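The values are calculated or read from the model by the stated rules, or taken from the named source; none is laboratory data. The model shown is predicted, which means the values in this text are computed figures rather than measured ones. In this analysis, Cβ positions are derived from the backbone assuming ideal geometry, glycine residues included, and neighbour counts consider all displayed protein chains.
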């Protein structure tokens with residue numbers, strides 16, 4: 001299976017995407033009629049069965065006590081595979097034009113400590129063709145541990161103090177700065193370094209609300225940037241379900257709410273993408289394979 005690869009930029013492309021010339025007429029019409037991303041949101045809630053996934057994680061940890069794999073790591077690995085197979089999810093709209101990325105960038109927030117006052121930081125994962133669930137796990141654990149390192153926290157405090165000094169500027173200067181950023185984004189001129197660091201330029205943003213005991217919620221998209229998907233993940237719930245033989249079984253479910261920009265694909269496409277996600281979560285062993293290796297269910 002081919003994996004998303006970097007392509008040579010051409011005239012009309014952006015730093016973060018390639019101009020799509022052959023987009024369907026309906027999508028082009030929607031882009032013209034509804035130029036703002038927040039006007040074109042489609043939202044749906046999904047109940048995903050993760051019983052097999054939880055059993056898989058338990059078996060991995062029993063086999064190797066040092067195994068640190070978690071549900072969220074598996075979710076990101078599965079989602080990266082889904083995006084690679086459902087290429088329309090790589091698309092975004094800006095300045096009334098449709099573009100397509102050549103990388104899968106998934107961003108999420110991570111707390112520096114488990115308390116209400118702890119600051120949050122953004123972690124961005126860029127998938128590579130030879131990645132799998134184990135490399136995703138190592139990356140996330142490494143990034144989170146780095147965020148919670150005392151020296152890093154102190155450095156961020158100093159950076160925050162420098163940023164807070166900007167608050168002393170007059171409001172019209174701050175508004176002018178924001179206006180400039182929006183204009184740069186509209187024409188695809190935001191500096192590459194800023195695009196790399198800003199989660200607004202991700203393929204998708206994830207919020208693991210289950211980690212703080214909450215259910216998934218609706219979360220709006222942003223007109224700034226190029227992120228076309230927002231996924232919120234709720235807490236894992238254990239339920240007793242009767243099977244076809246009338247026997248009560250314990251099952252694990254997680255509620256997921258997806259918000260998508262319907263100008264890049266219709267609701268049926270997003271629904272099939274979530275069905276594919278469910279298949280990966282039901283067969284978690286395939287997540288051990290490299291992303292560029294095709295799997296069959």
note = Inside the range 53-69, the number of residues satisfying the requirement of being surrounded by fewer than 18 Cβ atoms within 10 Å (Cβ to Cβ) and in contact with a strand residue (DSSP E or B) (Cβ under 9 Å, 6 or more places away or on another chain) is 1
remark   = When restricted to 98, 104, the only residue over 22 Å from residue 197 (Cβ atoms), surrounded by 17 or more Cβ atoms within 10 Å (Cβ to Cβ) and in contact with a helix residue (DSSP H, G or I) (Cβ under 9 Å, 6 or more places away or on another chain) is 98
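Name the residues in the range 14-23 that are in a loop (DSSP other than H, G, I, E, B) and surrounded by 12 or more Cβ atoms within 10 Å (Cβ to Cβ), would you?
Our first condition is that a residue be in a loop (DSSP other than H, G, I, E, B); within the range 14-23, this holds for 15-16, 20-23.
Those that are in a loop (DSSP other than H, G, I, E, B) and surrounded by 12 or more Cβ atoms within 10 Å (Cβ to Cβ): 15, 16, 20, 23.
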ask   = Out of all the residues in the range 1-13, which are surrounded by 11 or more Cβ atoms within 10 Å (Cβ to Cβ) and more than 30 Å from residue 295 (Cβ to Cβ)?
value = 9, 12, 13
remark   = Exception for residue 119 within (1) within 11 Å of the chain's Cα centre (by Cα); (2) modelled with pLDDT under 95 falls at (1)
remark   = Checked the range 234-263 for anything out of contact with any helix residue (DSSP H, G or I) (no Cβ under 6 Å at 6 or more places or on another chain), surrounded by 15 or more Cβ atoms within 10 Å (Cβ to Cβ) and not in a strand (DSSP E or B); matches are 262
ask   = in contact (Cβ under 8 Å) with a residue 40 or more places away in the chain, within 30 Å of residue 236 (Cα to Cα) and crowded, with 17+ Cβ neighbours inside 10 Å: does that describe residue 86?
value = yes
inquiry  = Considering only residues that are farther than 16 Å from residue 101 by Cα, part of a loop (DSSP other than H, G, I, E, B) and under 15 Å from the mean Cα position of the chain (by Cα), which ones fall in the range 183-216?
reply    = 216
